[in-house]
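The values are calculated or read from the model by the stated rules, or taken from the named source; none is laboratory data. Note that the coordinates shown come from a computational prediction; the quantities given were computed from them, not determined experimentally. Note: ideal-geometry Cβ built from the backbone for every residue, glycine included; neighbour counts use all protein chains shown. The accessibility values were calculated without ligands, DNA or RNA, using every heavy atom of the protein model including side chains. Shrake-Rupley method; radii C 1.70, N 1.55, O 1.52, S 1.80 Å.
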Amino acid sequence: MASSEAPRIVVGVDGSSSYDALRWADRYARLVGGAVEAICVWESPAFAGWGGPATEPVFDVEQARQRFARELDEVFADGLPEGLTQRLVEGDPSDVLIHASEGAEVLVVGRRGRGGFARAVLGSVSQRCAQHAACPVVVVRQEGDPRR
């Protein structure tokens with residue numbers, strides 16, 4: 001990263017557990033003069049994994065785009081932060097985020113996403129990112145999480 005570039009803060013967006021991660025990334029970006037890159041990864045049912053599609057079987061990119069926009073609007077009700085970039089990517093969430101971490105100042109993820117087991121201490125995406133990202137990873141717990 002050239003010294004004239006603003007630090008890039010990558011944040012995975014995947015539902016309400018990522019709202020606090022988005023807020024954290026925005027606060028951090030303001031502190032360091034950085035720019036937030038919000039990435040929402042969606043998987044088509046063909047790539048849902050060994051358990052088959054766990055969500056809507058007719059899920060498509062337009063639904064993903066609409067959900068991503070709603071999530072950003074919910075987190076930033078007063079308007080999107082200046083410099084926020086948005087990327088909607090189809091693929092495996094951990095692979096996409098690990099790749100996006102290259103050249104980033106920090107990768108921010110929620111503790112758990114949409115999938116997984118309710119009692120999981122750390123989601124599989126969060127865990128893989130923490131182990132394989134090319135930059136430091138911040139795992140943010142959801143507000144009101146009883147395990148804080």
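Laid out as a table, the results:
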item: Residues within the stretch 24-48 that are closer than 20 Å to Ala130 by Cβ and either at pLDDT below 95 or not small (Gly, Ala, Ser) (or both), tallied; result: 7
item: Cβ pairs under 7 Å, 6+ apart, first in the stretch 137-148 and over 11 Å from Gly12 (Cβ atoms), second at pLDDT below 75 and exposed (fewer than 11 other Cβ atoms within 10 Å of the Cβ); result: Arg141/Arg148
item: Some residue of the stretch 52-59 being surrounded by fewer than 20 Cβ atoms within 10 Å (Cβ to Cβ), at pLDDT 95 or above and hydrophobic (A, V, I, L, M, F, W, C); result: no
item: When residues of the stretch 21-39 are limited to those that are of a type in the set (Lys, Arg) and more than 15 Å from the chain's Cα centre (by Cα), the one least open to solvent (accessible area, probe 1.4 Å); result: Arg27
item: Residue in the stretch 4-19 that is modelled with the highest pLDDT, counting only those that are assigned to a helix (DSSP H, G or I) and of a type outside the set (Phe, Trp, Tyr); result: Ser18
